[in-house]
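Presented below is the structure to which this report refers.
The values are calculated or read from the model by the stated rules, or taken from the named source; none is laboratory data. Every value quoted in this text rests on a predicted model; they were computed, and no experiment measured them. Using ideal geometry, Cβ is built from the backbone for each residue, glycine included, and neighbour counts are taken over all protein chains shown.
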C-alpha cells in the first residue's frame, strides 16, 4: 500500500526525532539515570525503530519504482 505524502513526511519526521534523541542520549550517557542494561535496551529499541521506518520508506520507494 502506498504512503500518502503526509504519511511519508510523518515517517521522515519521526526518523529525525529518533536520531536526535539517540544522539543526545549517546552523548550524555554518563548524566542519564539508566543502568548499562537499560541504556543498551534503549539504544536497541531506537535502532529497531530506525530500521522499521527505513524499511517502510524503502518499501514505498520500491513500489513507486516498480510502477514506472
Notebook entry, point to check: Among the residues of the range 1-31, which ones are surrounded by 13 or more Cβ atoms within 10 Å (Cβ to Cβ) and outside any helix (DSSP H, G or I)?
Noted result: 3
Check: In the range 26-37, which residues are modelled with pLDDT of 95 or more and closer than 30 Å to residue 58 by Cβ?
Finding: 27
